[in-house]
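Visitor: The structure's right below; bear with me while I get my questions together.
The values are calculated or read from the model by the stated rules, or taken from the named source; none is laboratory data. Just so it is clear, the structure is predicted and the values come from calculations on it, not from any experiment. Neighbour counts run over all protein chains shown; Cβ positions are idealised from the backbone, glycine included. Side chains included, ligands, DNA and RNA excluded: accessible areas come from the protein's heavy atoms. Shrake-Rupley method; radii C 1.70, N 1.55, O 1.52, S 1.80 Å.
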Amino acid sequence: MANRLPVAWDDIADRWAPSPGGLVSALAPILVDRRGAWVGWPGIADREEEPFRLEGIRQVPVTISAEEFTDYYEGFCNGTIWPLYHDAIRPVEMHRHWWRPYVVVNQRFADAVISETAVDEPVWVQDYQLQLVPAMLRAATPDRRIGFFLHIPFPPVEIFGRLPWRREIIAGLLGADVIGFHTRQSARNFARAARVFSTATGPAGQLSWQGRTITVESVPISIDTAEFKALAGSPEIADAAVRFRRELGSPRHLMLGVDRLDYTKGIDLRLRAFQTVLERRPDLRGQVTFVQVAVPSRAGVEEYQIIRDQIELLVGRINGEFGRRDWVPVHYLHRSLAREELVAYYRAADVMVITPLRDGMNLVAKEYIACRVDGTGVLVLSEFAGAAEQLDRALVVNPYDLDGLADTIERAIELGAGEQRDRMRYLRRAVTRWDVYGWAERCLDSVLG
Ligand code: ADQ
């Protein structure tokens, strides 16, 4: 179960089409094999749809009304939980009229499972939109195996404790047999919050509550590494990467940022650090081009409109101040890219800058590494991305430290080929050994008991 079904309505073809992604490709073969179902919202408000089959998987749509989309999804999920769980780096909006729809929608998801499955069939619930579902399922079907995985960070108890509904959320999650997180830090934070805001006891990995044992574990998500490697290694992508550099005016150094346009991603600080580099290093002007790709996201939430304006103002300022007829310092693309184009950018870029202020994992970091098939390239990575726990041979940086970030960008641009290869070899080994299939298998083993 996930907030979204792995399908999207294709208006032109007038039918449902698969919408691919890492989670989907990892789970699809398992679901097909086990004759499983995927429960989720089909992505269109007020749409009532009977279950249907697509790509060998039974798709069970849950209806969400336009009003619920505003209060449950944009409101409670993305106005309250999202900033709170990302260390409250933006004001956390809390409204009592957002909480009720969250409960109602969670119950609807739980009811869909109850009516679609036998009482003892295992269920694996994904992410912060559905934190009450485990307890709802437990109440109706106590003997079922239930797993939960949180894709975003779980904050320290001091921050989580601000939530008026902290006890309800903890009780909701403790309905599961297994609760998974990307990092050890999130797992520890959760176990502590559970002991403070419920009667749960026991060590971080094994909580006891209401006569049951709940496993709390960290299992970092990954990507389909083989697929990225194969695509990046293809002659078409190699040609495209060369062409992109030429079209960008053949800069000596190409730096890349790729993110959903979200205030957690630190795009603004990254731009300010790049501006600092250009200010203090006149010799690098005309030499470094920064391509920032920002995928439009949650445009209905006010904080997202604010961060978009801030980013676009900064891009304009940098280009206005430093740009020349023959050189645009920042190429800014506010759009989603086709997979091939994205991979060609990864192959073209000498330096990848990933500077979230807080991130559950960050898959872009792993994608960049997988695509560096020639063994070169430098990854600058925020210490506040979950990925930093595994990718510690990146140039790890505190993104709040603007001077430090500017220093690291300079260092990345000038890093020698030998050190690039040493670091990249280690990083590539990490993403090769641990891919999304390993992640899904590990998690499902725990869920199935
Ligand atoms: P996100 O916040 O969405 O995910 P991330 O993990 O980086 O962040 O995943 C983004 C995905 O979108 C990547 O697969 C990337 O290829 C794709 N993408 C980015 N820009 C794109 C573009 N312009 N065009 C097309 N595709 C683009 C949440 C959490 C993360 C966690 C994941 C998975 O916030 O911390 O890693 O879930 O658990």
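Visitor: Quick one: among 251, 220, 83, which has the greatest mean-square fluctuation in a GNM of the chain with alpha-carbon springs under 10 angstrom?
Guide: In the Gaussian network model the winner is 251.
Visitor: At a probe radius of 1.4 Å, what is the per-residue accessible area of residue 250, in Å² to the nearest 10?
Guide: Surface accessible to solvent at residue 250 totals approximately 80 Å².
Visitor: While we're looking at this one, here's another question. What angle do you read, to the nearest 10 degrees and between 0 and 90, between the alpha-carbon axis of helix 302-322 and the longest principal axis of the chain?
Guide: 10
Visitor: At 0.36 nm per residue, minus the direct Cα-Cα distance, what do residue 414 and residue 44 gain on full extension? Give it in nm, one decimal, please.
Guide: Working: separation 370, 0.36 × 370 = 133.20 nm, distance 4.77 nm.
Here the segment from residue 414 to residue 44 would lengthen by 128.4 nm.
Visitor: Under a crude label model (7 Å from the Cα following the beta-carbon direction), how far is residue 403 from residue 425 in nanometres?
Guide: 3.6
Visitor: Using a cut-off of 15 Å between beta-carbons, work out the net charge of the residues near residue 339 (Lys and Arg +1, Asp and Glu -1, residue 339 not included).
Guide: -2
Visitor: Show me the trypsin sites (Lys or Arg not before Pro) within the range 182-260 that DSSP assigns to loop and that have at most 12 other Cβ atoms within 10 Å of their Cβ. Before the final figure, lay out the partial values.
Guide: Details: sites: 184, 188, 192, 195, 212, 229, 243, 245, 246, 252, 260; in loops: 252.
Here the trypsin sites (Lys or Arg not before Pro) that fit, given the DSSP loop and packing criteria, are 252.
Visitor: More than 37 angstrom separation, counting every C-alpha pair in the chain; what % is that?
Guide: On the way: 26911 of 100576 pairs.
The calculated P(r) of the chain puts 27 percent of pairs beyond 37 Å.
Visitor: Gaussian network model of the chain, Cα springs within a sub-10 Å range: biggest mean-square fluctuation belongs to which of 152, 369, 413?
Guide: Checking each option, the largest mean-square fluctuation is seen for 413.
Visitor: Given points 7 Å out from each Cα along the Cα-Cβ axis, report the residue 199 to residue 321 separation in nanometres with one decimal.
Guide: 6.0
Visitor: A follow-up question, please. For the range 416-425, take each phi angle, set θ = phi - 60°, evaluate the Karplus expression 6.51 cos²θ - 1.76 cosθ + 1.60, and give the result in whole Hz per residue in order, putting x for glycine and proline.
Guide: Values, residue by residue: x, 4, x, 5, 3, 5, 4, 5, 5, 4 Hz.
Visitor: HN-Hα J couplings of the range 227-238 from phi, Karplus 6.51/-1.76/1.60, θ = phi - 60°, integer Hz, Gly and Pro as x?
Guide: After applying 6.51 cos²θ - 1.76 cosθ + 1.60, I find 5, 5, 4, 5, 5, 5, x, 6, x, 4, 6, 4 Hz.
Visitor: Let me ask something additional. Full extension from residue 88 to residue 250: what is 0.36 nm times the residue separation minus their Cα-Cα distance, to one decimal in nm?
Guide: That works out to 54.2 nm of additional length.
Visitor: Stretched out fully, how many nm does the piece from residue 118 to residue 374 gain, at 0.36 nm a residue minus the Cα gap? If you can, show how the numbers build up before the last one.
Guide: On the way: separation 256, 0.36 × 256 = 92.16 nm, distance 5.01 nm.
Net length gain for the segment: 87.1 nm.
Visitor: A further question on this structure: Which one of 139, 88, 226 has the biggest mean-square fluctuation once the chain is modelled by GNM with Cα springs under 10 Å?
Guide: Result for the chain, Cα springs under 10 Å: 139 fluctuates most.
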